[in-house]
Each structure stands twice: as C-alpha cells, then as structure tokens.
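Undergrad: Submitted below is the structure of interest, expressed as structure tokens.
The values are calculated or read from the model by the stated rules, or taken from the named source; none is laboratory data. Note that the structure is predicted; figures quoted are calculated from it, not measured. No Cβ is skipped: glycine too gets one built from the backbone with ideal geometry, and neighbour counts run over all protein chains shown.
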Amino acid sequence: MHVYASDFDHMGRKLKLNIKYKISKIISVEKNIRQKNNRKKYHAFTLVEMMVSLFIFSIVVTIVIATFVQMVNVRKQTKAIQQDMEEARTAMELMAKNIRMSSDVQGDGTMPSKTIYMFNNSQGECISYEISGNALEQEMIPVPAGGDGLYCVPANFPPGGYASVTSSDIASLSPFSIIPTSSSVMGRVTIALQVTNGSDKENIQTTVSLRDYSEISPQ
C-alpha cells in the first residue's frame with residue numbers, strides 16, 4: 001500500500017478541523033453554563049413574591065406601631081396617676097396638720113363622715129373639709145371675737161363657700177372616721193381617700209391624733 005504526502009496533508013487538515021470543532025463545542029457549553037448561572041444569580045422577584053413580602057412587612061409594622069402606642073399610653077397614664085397621688089398626699093398632709101392643731105373636731109353626724117369641722121387653735125378659725133362630687137374641698141371662716149371652737153358647727157358655714165383643693169378625682173363617699181377626745185381617750189381622725197384616673201384607682205390613708213389635751217381629765 002502506497003501512502004502519499006497528500007494523504008498526510010489531508011489527514012492533518014481533517015484532524016485540525018476535528019479539534020477545532022471539539023474546542024468550539026466545549027466553549028459553547030461553558031458559555032451556556034455561565035449564562036445559566038448569571039440568570040440564577042440575577043433572578044428577579046415575581047409580582048406574587050413582592051405582594052407577599054409587602055403583606056408580611058405591613059403586618060410587622062402594624063404590630064410594632066401598636067405596641068409602641070400602647071407603651072406610650074401606659075406611660076402617660078402612669079405619670080398622670082402619680083401626679084394625682086402626689087397632689088392628694090399634699091392635700092392629706094395639709095388636712096392632717098390642721099387637725100393636729102385643732103380642737104372641737106366633729107363630723108356631720110354620720111360614721112364615717114363625709115364632712116369634718118374643726119377649730120384651728122393657731123389660726124383662730126373654723127376649718128371644714130368635705131368631698132363634693134369627685135373633689136376634696138375646704139372652707140375656712142373666722143371666729144367672732146370672744147368665740148371658741150363651739151362656733152365651728154355646720155350651721156355657721158355658709159353654703160357655696162367651699163373651694164377645691166385638688167384637681168384630681170377623689171372617689172370617697174365617707175373619708176373621715178372621727179373618734180373625739182373624751183375625758184379618758186385621746187381623739188383621732190382617720191382620713192381615707194381614693195384617687196381615680198380613668199380605670200386606675202389608688203387608695204391612701206392616714207390617722208391623725210388630736211392634741212386637745214384640755215379635754216382629758218388628769219388622773
């Protein structure tokens with residue numbers, strides 16, 4: 001069998017074409033793979049996915065806002081009841097001071113009493129406290145010359161003379177429990193108030209001993 005140079009040239013060209021074809025095939029496959037990877041990498045959201053995401057986001061935002069508003073309201077309500085308590089305690093301390101310095105302390109005839117009357121020895125005046133509506137009110141009247149604590153009776157307090165000493169709501173129908181001083185017992189007054197602010201209610205109470213020692217008989 002005779003092999004000529006032209007045959008070798010033909011075989012070489014055929015081999016080169018075959019190699020080029022395979023290389024181009026490999027490059028084409030690799031290019032397709034890269035394009036698929038790029039499409040996966042930069043895949044966009046569908047309309048349904050965006051709607052679901054927005055719905056979930058709106059629910060989370062609504063819950064967060066509602067929780068924040070509730071916290072703010074609770075803080076405001078707590079601050080308001082604290083201020084009302086401070087005011088009520090101040091009024092109670094003033095009442096306690098006047099009661100300690102008074103004699104002839106009496107109520108309105110009920111036990112416990114809604115109104116309290118007293119003669120303040122240091123000021124020489126009659127003082128009365130009462131709960132009217134939801135407010136703690138005070139009235140003061142001078143005692144005529146030569147008068148004493150016997151003048152401090154309900155009939156001598158003019159109607160409409162009471163003035164509120166608290167801006168907060170005081171929900172106590174009968175705040176004063178009075179034990180008058182006798183020949184053997186030192187009198188005392190228990191003050192019980194309930195401060196209200198919306199649905200919140202706080203109770204405060206104190207007991208004051210009277211100092212009208214002249215009413216006590218010496219042993």
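Undergrad: Examine region 117-130 for a residue that is under 30 Å from Asp200 (Cα atoms) and of a type in the set (A, V, I, L, M, F, W, C), and state whether such a residue exists.
TA: no
Undergrad: Between residues in region 80-94 that are surrounded by fewer than 18 Cβ atoms within 10 Å (Cβ to Cβ) and residues that are polar (S, T, N, Q) and part of a helix (DSSP H, G or I), which pairs lie under 6 Å by C-beta distance while being six or more apart or on different chains?
TA: none
Undergrad: Of the residues Ile65, Ile27, Ile19, Ile23, only one is surrounded by 10 or more Cβ atoms within 10 Å (Cβ to Cβ) and modelled with pLDDT of 85 or more; which? Show your work before the answer.
TA: Values: Ile27 fails: modelled with pLDDT of 85 or more; Ile19 fails: modelled with pLDDT of 85 or more; Ile23 fails: modelled with pLDDT of 85 or more.
Result: Ile65 is the single residue among Ile65, Ile27, Ile19, Ile23 that is surrounded by 10 or more Cβ atoms within 10 Å (Cβ to Cβ) and modelled with pLDDT of 85 or more.
Undergrad: Now for a separate question. State the number of residues belonging to region 83-137 that are of a type in the set (S, T, N, Q), at pLDDT below 90 and within 16 Å of Pro175 (Cβ to Cβ).
TA: Kept after step one, since they are of a type in the set (S, T, N, Q), are these residues of region 83-137: 83, 90, 98, 102-103, 106, 110, 113, 115, 120-123, 128, 132, 134.
Now restrict to residues that are at pLDDT below 90: 83, 90, 98, 102-103, 106, 110, 113, 115, 120-123, 132, 134.
Now drop any that are not within 16 Å of Pro175 (Cβ to Cβ), which leaves 90, 98, 106, 110, 113, 115, 132, 134.
Matching residues across region 83-137 total 8.
Undergrad: Of the residues in region 139-164, how many are over 39 Å from the mean Cα position of the chain (by Cα), part of a loop (DSSP other than H, G, I, E, B) and of a type outside the set (Val, Ile, Thr)?
TA: Here the count works out to 8.
Undergrad: Of all residues in region 177-193, how many are in contact (Cβ under 8 Å) with a residue 40 or more places away in the chain, outside any loop (DSSP other than H, G, I, E, B) and either closer than 22 Å to Gln123 by Cα or in contact with a helix residue (DSSP H, G or I) (Cβ under 7 Å, 6 or more places away or on another chain) (or both)?
TA: Qualifying residue count, region 177-193: 4.
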